Amino acid sequence: MDERFPSIAARTTAQITRDGSRFIADLVPIDSEEAAIESVEVLRKKFFDATHHCYAYRIGPPKNNDRYSDDGEPSGSAGLKIYSALQSHRLSDVVCVVTRYFGGIKLGVGSLGRAYHDAAVECIHNASIITKAMMRTVIVRYLFSETNPVLNTVQSQHIRITEQQYHETGGEIHLLVPISGVDRFLQVINDATRGSAVISLGIQKTVVVS
């Protein structure tokens, strides 16, 4: 997955009906596996009398936290279909739960899979899409004499500033740098300050960029 990926701004819902069964899809923004599981449990309690609560979630990048569940439906007929809807739209940092109320008519595996997929897609179409990216926090400490080179470099590299501080001898700037551009940025800052800047690398985090 690219370091930039689409996600959603807020929870959204959709509902479809197939042969009497209702499929209620909820798409919820998340930032961790714990948040995904919590969202599933909240919806289980909300729709406590439903037949199934099938779901899929993606937390990215990377993809090692992707999960899906059929919740008692035939294997591959529900969770995987919801997951494929998220994957085809490249959505991540989301969980999609599709709740089914059985309508009395059994659906074949093919029709069942299409119903879960279509409910998820309908919900995605209702969502407000945003773009997120993986960034690394970087702190640059510099002398007052290097203020212009540092700020000019940050501006020319289109780096996001989150905080600025000034001390007795110089300044400190907190930045969010795209993961793929960290090495290049460090080199440019070192060149601009002739190696006088003190650079600290912080955590990786996902942020909204548009």
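The values are calculated or read from the model by the stated rules, or taken from the named source; none is laboratory data. Small disclaimer: the values here were computed from a predicted structure and weren't measured. Using ideal geometry, Cβ is built from the backbone for each residue, glycine included, and neighbour counts are taken over all protein chains shown.
I'd like to check something: does segment 143-150 contain any residue that is part of a strand (DSSP E or B) and either at pLDDT 95 or above or not assigned by TED's automatic domain parsing to the domain that holds I30 (or both)?
Yes, segment 143-150 contains a residue that is part of a strand (DSSP E or B) and either at pLDDT 95 or above or not assigned by TED's automatic domain parsing to the domain that holds I30 (or both).
Evaluate the following for G72: is it small (G, A, S), modelled with pLDDT of 95 or more and at positive phi? Spelling it out, G72 is indeed small (G, A, S), modelled with pLDDT of 95 or more and at positive phi. Being free of Cβ contacts under 8 Å to residues at least 40 places away in the same chain and charged (D, E, K, R), is that true of even one residue in segment 105-113? Yes, segment 105-113 has at least one match.
Could you tell me whether segment 102-113 includes any residue that is of a type in the set (D, E, K, R), at pLDDT 95 or above and assigned by TED's automatic domain parsing to the domain that holds D49? Scanning segment 102-113, I find no residue that is of a type in the set (D, E, K, R), at pLDDT 95 or above and assigned by TED's automatic domain parsing to the domain that holds D49, so the answer is no. When P149 is tested against (1) over 24 Å from the mean Cα position of the chain (by Cα); (2) closer than 30 Å to D93 by Cα, only condition (2) is not met. Could we say that I124 is at pLDDT 95 or above, touching a strand residue (DSSP E or B) at 6+ places or on another chain (Cβ under 7 Å), under 24 Å from I8 (Cα atoms) and buried (at least 17 other Cβ atoms within 10 Å of the Cβ) here? It is true that I124 is at pLDDT 95 or above, touching a strand residue (DSSP E or B) at 6+ places or on another chain (Cβ under 7 Å), under 24 Å from I8 (Cα atoms) and buried (at least 17 other Cβ atoms within 10 Å of the Cβ). Pick from segment 51-65 the residues that are surrounded by 17 or more Cβ atoms within 10 Å (Cβ to Cβ) and in a loop (DSSP other than H, G, I, E, B): which of them is modelled with the lowest pLDDT? The extreme case among them is P61. When the criteria are applied in full, I124 fails the requirement of being farther than 20 Å from F47 by Cβ and β-branched (V, I, T). Just one of the listed residues (I173, I161, I179) is of a type in the set (A, V, I, L, M) and in contact with an Asp or Glu (Cβ under 7 Å, 6 or more places away or on another chain), namely I179.
Condition check ((1) in contact with a Leu (Cβ under 7 Å, 6 or more places away or on another chain); (2) polar (S, T, N, Q)) across all residues:
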{"site": "V94", "(1), (2)": "yes, no"}
{"site": "R114", "(1), (2)": "no, no"}
{"site": "K132", "(1), (2)": "no, no"}
{"site": "V150", "(1), (2)": "no, no"}
{"site": "Q157", "(1), (2)": "no, yes"}
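If you go through segment 157-187 and keep only what is in a helix (DSSP H, G or I) and among the β-branched types (V, I, T), you end up with I179, V182.
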